[in-house]
Amino acid sequence: AQKRATSVYFPQFVIPMLPEKLSNGLCSLNPGVDRCTMVCDMVVGADGRVRAYQFYPALIHSKARLTYTCVQEALNGNAAELLERGGSLEDIFCLHALYKAFAAARRERGAISFSSTETRIVLSPDARKVEKIVPAEHTDAHRLIEECMLAANTCAADFLLRHKATCLMRVHDKPSPDKLAGVRRTLSAYGLKLSGGDSPTAKDYDAVLEAVAGKPWAGAIQLALLCSMQQAQYSPDNIGHYGLH
């Protein structure tokens, strides 16, 4: 784990950070068995803001192995497969309400809402050639997991900073002057403006995205805005995360 740092994901297979015997065994979340875990226990208000949190070691005993597809089907009103797998409709609807509260809070504080189409690589039967690249469906079932992970990561970062722990942070610097000049030239061709002068905020970026929502050229504008931003990176210096505000 120290040598690899993270697991590496490829189309149709993964090189795990941990030895496979651990990653597919004791460290794999399987239904019906106890697994050691570290809990991030949060108190979240109806406005999607975390009021309090605590971390503690615990055991998790998973009840069901669900898929994104069956969860989304349940959210759409067809819960047959979810219930057959042993899932709880009450839990799913509670998580979905939590996701919507988290998402509303992020919009309120001005986080950028990019909506790019993700893709999935389809390999040949022998896994040697890429046969095609197709759009990958991204639903609320995916988003509710993402929002919960983001909330837990935010609490973990806050915990480490409060305890003055030395660690790497996932940071995202603001756009450089050159990139800002370039994206403003592109936007001007569409009659659009990026507010904020030399230091536009995430809210300024999101205002442009809202202005072109539903327009045929929305994809081109979103790509231009993405290209104007710095790459997120790991750093011991916590400069914040521009895109998440």
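The values are calculated or read from the model by the stated rules, or taken from the named source; none is laboratory data. Since this is a predicted model, take the numbers as computed values, not measurements. FYI the Cβ positions are ideal-geometry reconstructions off the backbone, even for glycines, and counts take in every protein chain you see. Each accessible area value is taken on the protein alone, full model and side chains, heavy atoms only, with ligands, DNA and RNA left out. Shrake-Rupley method; radii C 1.70, N 1.55, O 1.52, S 1.80 Å.
Any idea which of L59, L29, L66 is assigned to a loop (DSSP other than H, G, I, E, B), on the phi < 0 side of the Ramachandran plot and open to solvent by 70 Å² or more (accessible area, probe 1.4 Å)?
Details: L59 fails: assigned to a loop (DSSP other than H, G, I, E, B); L66 fails: open to solvent by 70 Å² or more (accessible area, probe 1.4 Å).
Only one candidate passes the filter, namely L29.
Could you grab me the full set of residues in region 159-189 that are open to solvent by less than 50 Å² (accessible area, probe 1.4 Å) and free of Cβ contacts under 8 Å to residues at least 40 places away in the same chain?
First, pick out the residues of region 159-189 that are open to solvent by less than 50 Å² (accessible area, probe 1.4 Å): 165, 167, 169, 171-172, 175-176, 180-183, 187.
The answer is A165, A181, L187.
Take the residues of region 32-56 that are assigned to a strand (DSSP E or B) and of a type in the set (K, R): which is most open to solvent (accessible area, probe 1.4 Å)? Show your work before the answer.
Of the residues in region 32-56, the ones assigned to a strand (DSSP E or B) are 34-44, 50-56.
Cutting the leftovers down to of a type in the set (K, R) gives us 35, 51.
On the way: R35: 39, R51: 142 Å².
Per the stated criteria, the residue is R51.
What number of residues within region 190-205 are open to solvent by less than 50 Å² (accessible area, probe 1.4 Å) and modelled with pLDDT of 85 or more?
Residues that pass the stated criteria total 7.
Test R128 against the criterion of being of a type in the set (D, E, K, R), closer than 18 Å to Q222 by Cβ and over 15 Å from the mean Cα position of the chain (by Cα), and give yes or no. Working first, answer last.
Working: of a type in the set (D, E, K, R): yes; closer than 18 Å to Q222 by Cβ: no; over 15 Å from the mean Cα position of the chain (by Cα): yes.
In short, no.
Scan region 228-235 and tell me whether some residue there is more than 30 Å from A5 (Cβ to Cβ) and either touching a residue at least 40 places away in the same chain (Cβ under 8 Å) or surrounded by 16 or more Cβ atoms within 10 Å (Cβ to Cβ) (or both).
No: region 228-235 contains no residue that is more than 30 Å from A5 (Cβ to Cβ) and either touching a residue at least 40 places away in the same chain (Cβ under 8 Å) or surrounded by 16 or more Cβ atoms within 10 Å (Cβ to Cβ) (or both).
Quick check on region 208-242: of everything there that is assigned to a helix (DSSP H, G or I) and over 18 Å from A189 (Cβ atoms), which residue is nearest to the chain's Cα centre (by Cα)?
Of all residues in region 208-242, those assigned to a helix (DSSP H, G or I) come to 208-212, 218-227, 242.
Imposing the further condition that a residue be over 18 Å from A189 (Cβ atoms) reduces the set to 210, 242.
Numbers: E210: 20, Y242: 15 Å.
Out of the qualifying residues, it is Y242.
Residues that are assigned to a strand (DSSP E or B), within 20 Å of A156 (Cα to Cα), free of Cβ contacts under 8 Å to residues at least 60 places away in the same chain and of a type in the set (S, T, N, Q): does region 5-15 have at least one? Working first, answer last.
Pass one, region 5-15, residues assigned to a strand (DSSP E or B): 8-10, 13-15.
Of the ones still in play, those that are also within 20 Å of A156 (Cα to Cα) are none.
Scanning region 5-15 turns up no residue that is assigned to a strand (DSSP E or B), within 20 Å of A156 (Cα to Cα), free of Cβ contacts under 8 Å to residues at least 60 places away in the same chain and of a type in the set (S, T, N, Q).
Got a sec? Which of R107, R128 is out of contact with any strand residue (DSSP E or B) (no Cβ under 7 Å at 6 or more places or on another chain), in a helix (DSSP H, G or I), farther than 29 Å from P31 by Cα and open to solvent by 70 Å² or more (accessible area, probe 1.4 Å)?
Values: R128 fails: in a helix (DSSP H, G or I).
It is R107.
Evaluate the following for A211: is it open to solvent by 20 Å² or more (accessible area, probe 1.4 Å), in contact with a Leu (Cβ under 7 Å, 6 or more places away or on another chain) and in contact (Cβ under 8 Å) with a residue 12 or more places away in the chain? Steps first, please.
On the way: open to solvent by 20 Å² or more (accessible area, probe 1.4 Å): yes; in contact with a Leu (Cβ under 7 Å, 6 or more places away or on another chain): yes; in contact (Cβ under 8 Å) with a residue 12 or more places away in the chain: yes.
Answer is yes for this residue.
Mind telling me which of the residues E146, E137, E118 ends up being within 28 Å of K100 (Cβ to Cβ), open to solvent by 70 Å² or more (accessible area, probe 1.4 Å) and at pLDDT 90 or above?
Values: E137 fails: at pLDDT 90 or above; E118 fails: at pLDDT 90 or above.
The match here is E146.
What residue, among those in region 71-95 that are free of Cβ contacts under 8 Å to residues at least 24 places away in the same chain and under 20 Å from the mean Cα position of the chain (by Cα), is surrounded by the most Cβ atoms within 10 Å (Cβ to Cβ)? Even if it seems obvious, please write down each step before you answer.
Step one: of region 71-95, the residues free of Cβ contacts under 8 Å to residues at least 24 places away in the same chain are 73-74, 76-85, 89-94.
Now drop any that are not under 20 Å from the mean Cα position of the chain (by Cα), which leaves 92-94.
Values: I92: 20, F93: 13, C94: 11.
Ranking the qualifying residues of region 71-95, first place goes to I92.
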